[in-house]
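One structure, as structure tokens, below. Some questions next.
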Amino acid sequence: MPGPVALVGAGEFLGPMAEFDRGLLESTGRSRPRVVILPTASAVDGERTFRTWADMGVEHFSSLGAEVEPVLVRSADEGHDAAALQAIGEADLVYLSGGHPRHLLRVLHGSPMGLALTQAHARGAVIAGCSAGAMAIVGRAMDFRFVPRIKVPLPFPVRWPEGLALVDRIAVLPHYDAWPEPLSAFVALQAPRGSIVLGIDEGTAVVGRNGTWQVHGPGRVTVWRGRHRERFRQGEAFRT
């Protein structure tokens with residue numbers, strides 16, 4: 001049975017996420033789960049930033065009792081590395097941290113790493129993504145370049161490239177509460193027909209399996225189905 005998918009709005013590897021991440025580890029059923037940290041999305045920000053995210057992930061999950069390995073894949077070329085693919089194949093939980101979704105998708109689609117994640121999910125591993133990581137592992141990823149319009153940058157045009165599609169039809173808008181909602185709504189309403197857009201607040205997560213999702217954390221998850229909007233909070237569930 002495919003494993004759970006965890007989508008986090010922002011805040012990976014920080015103290016407030018410890019309780020949630022402990023729950024992810026417990027869901028594996030292992031006394032000492034094997035965790036892989038994938039900071040790939042941050043690689044374009046430079047080696048120092050890339051290493052910092054890897055180190056933060058290792059420290060965070062080690063403190064929760066896991067056996068943690070950073071997989072330092074920066075590019076599609078490095079995504080062919082046999083040791084990296086083996087680590088993903090043996091993991092109980094794979095965590096993709098934030099950064100640049102466009103770059104992360106380029107690596108996932110351009111190397112065997114995407115297939116390794118898909119196979120890990122299919123055999124029951126937990127796959128978690130935060131911000132760019134969450135955007136890349138669902139059905140569609142939102143992609144745009146900001147174009148200035150007077151004093152307010154408008155995200156236009158919006159494109160929706162295919163993601164890894166561990167869950168189909170879903171698109172994620174992370175950091176949802178960090179933007180004026182009219183701007184977020186403008187983006188959500190441009191999603192491909194039939195898509196379900198999850199706007200996930202910072203410090204908040206949603207975990208899904210077999211089409212059922214549950215909200216965790218202090219913020220909200222805003223679900224857009226076309227022009228219809230619903231809100232869900234801590235402990236509430238919905239179906240997609």
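Among rounded, prolate and oblate, which fits the chain when a ≥ b ≥ c are the square roots of the eigenvalues of its C-alpha gyration tensor, a/c under 1.5 means rounded, and a/b larger than b/c means prolate?
Cα axes put the chain in the prolate bin.
Can you order the peptides 224-237, 60-73, 193-206 by their average number of other Cβ atoms within 10 Å per residue, highest first?
Highest-to-lowest ranking by the protection proxy: 193-206, 60-73, 224-237.
Could you derive backbone 3J(HN,Hα) for region 25-41 from the dihedral phi with the Karplus parameters 6.51, -1.76 and 1.60 (θ = phi - 60°), listing whole Hz in sequence and x where the residue is Gly or Pro?
5, 5, 5, 6, x, 9, 6, 9, x, 8, 10, 10, 9, 10, x, 3, 4
Turning to a different aspect of this structure: Taking amide H atoms as placed 1.01 Å from N in the peptide plane, list the residues 5 or more away in sequence, or in a different chain, whose amide H sits under 5 Å from that of Ala10.
Ser131, His175, Gly203, Thr204
Tell me, what is the FRET efficiency for Arg229 and Arg22 to the nearest 0.05, using R0 = 25 angstrom and their Cβ-Cβ distance as r?
Computed FRET efficiency for Arg229 and Arg22 comes out at 0.20.
On a 0 to 90° scale, report how tilted helix 47-63 is relative to the longest principal axis of the chain, with both axes built from alpha carbons and the result rounded to the nearest 10.
70
Same structure, new question: For the chain, with a Gaussian network of springs between Cα atoms less than 10 Å apart, report the residue from Leu189, Leu104, Leu166 with the top mean-square fluctuation.
Among Leu189, Leu104, Leu166, the largest mean-square fluctuation in the Gaussian network model of the chain belongs to Leu189.
Please give the peptides 33-42, 93-102, 176-185 ranked by average Cβ packing (other Cβ atoms within 10 Å per residue), highest first, as a rough proxy for protection. Spell out each step's value before the answer.
Values: 33-42: 26.7, 93-102: 24.1, 176-185: 14.6.
Highest to lowest by the protection proxy: 33-42, 93-102, 176-185.
Helix-only mean residue ellipticity at 222 nm, the chain, DSSP H runs n ≥ 4 weighted -39,500 (n - 2.57), per residue, nearest 500. What is it?
Helix contribution divided over all residues of the chain: -8500 deg cm²/dmol.
Along the Cα→Cβ direction, 7 angstrom out, place labels at Leu64 and Glu90. What is the inter-label distance in nm?
The answer from the label model is 2.1 nm.
Follow-up. Could you give the length gained on full extension between Ser75 and Glu236, defined as 0.36 nm per residue of separation minus the Cα-Cα distance, in nm? Don't skip to the end; give the middle numbers.
Details: separation 161, 0.36 × 161 = 57.96 nm, distance 3.79 nm.
Full-extension gain reported as 54.2 nm.
Continuing with the same structure: Could you give the length gained by full extension between Ala82 and Arg48, i.e. 0.36 nm per residue of separation minus their alpha carbon distance, to one decimal place?
Residue separation times 0.36 nm, minus the Cα-Cα distance, leaves 9.8 nm.
Bear in mind that the values in this text are calculations on the coordinates, not laboratory data. Quick caveat, the model's predicted, so the values are computed rather than measured. Please note: Cβ atoms are built from the backbone with ideal geometry, for glycine as well, and neighbour counts cover all protein chains shown.
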